[in-house]
């Protein structure tokens, strides 16, 4: 009895600690959002004064645009994460071309990878899958965006699709800094960022969305990092179309 009671208390304690960590991360993220908004307002005020050079105006407008896009992406990820966290049954399944979807996601991020002059290796045949198309789109956007963020200028990103008897596996590899081994298991958590030097480029929600969406599809999401390369692998079951 004592052992059972101890295990129950230990379980409650772990849940309490997890909630505190999530709350701390959320509070930090809100503070960062507030700081970004205040800085953006300050730049708007400077622009309205009209005493800036053309070069300064262009610089501030570019910064405001970039921050606006980042906050919009974060809002999308938060909504998607809330949606899948409260969803237990996979709905809105359709059969679509997975290969074409991934290529379309690469094009959506063209401005980001072009800016760093990255080479993208997308050598794979055509595969179809039955899944929630909109949710899977968020998986590829988040993983590709993550790969771009951690790739050095003039680097390379590789995308592969392989087929098993019952699954399709997508791997996305970038050649940049390794994820420290003690942080690998934590990168899927909400608002967690393994490399804080890139915190201004993301929000720590994307990989949490990836994990939740993939699990909702009955699949797995894993990462392997070492020797200068990081590979994320998403393995998804082939859903059979019901009559």
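The values are calculated or read from the model by the stated rules, or taken from the named source; none is laboratory data. Computed from a prediction, not measured in an experiment: that's the story for all the values here. Neighbour counts are summed over all protein chains in view; Cβ atoms, including those assigned to glycine, are modelled from backbone coordinates with ideal geometry.
Of all the numbered requirements in (1) assigned to a helix (DSSP H, G or I); (2) closer than 19 Å to residue 234 by Cα, residue 131 misses one, and that requirement is (1).
Out of all the residues in region 207-214, is one or more in a strand (DSSP E or B) and either at pLDDT 90 or above or in contact with a strand residue (DSSP E or B) (Cβ under 7 Å, 6 or more places away or on another chain) (or both)?
To start, the set of residues in region 207-214 that are in a strand (DSSP E or B) comprises none.
No, there is no match, as no residue in region 207-214 is in a strand (DSSP E or B) and either at pLDDT 90 or above or in contact with a strand residue (DSSP E or B) (Cβ under 7 Å, 6 or more places away or on another chain) (or both).
For region 115-128, the count of residues that are more than 19 Å from the chain's Cα centre (by Cα) and part of a helix (DSSP H, G or I) is at least one. Pairs meeting the criteria (first residue in region 91-120 and on the phi > 0 side of the Ramachandran plot, second residue crowded, with 18+ Cβ neighbours inside 10 Å and not in a helix (DSSP H, G or I), beta carbons under 6 Å, at least 6 apart or on different chains) are 92/132.
Selection over region 146-163 of residues that are in a helix (DSSP H, G or I), buried (at least 19 other Cβ atoms within 10 Å of the Cβ) and at pLDDT below 95 gives a count of 1.
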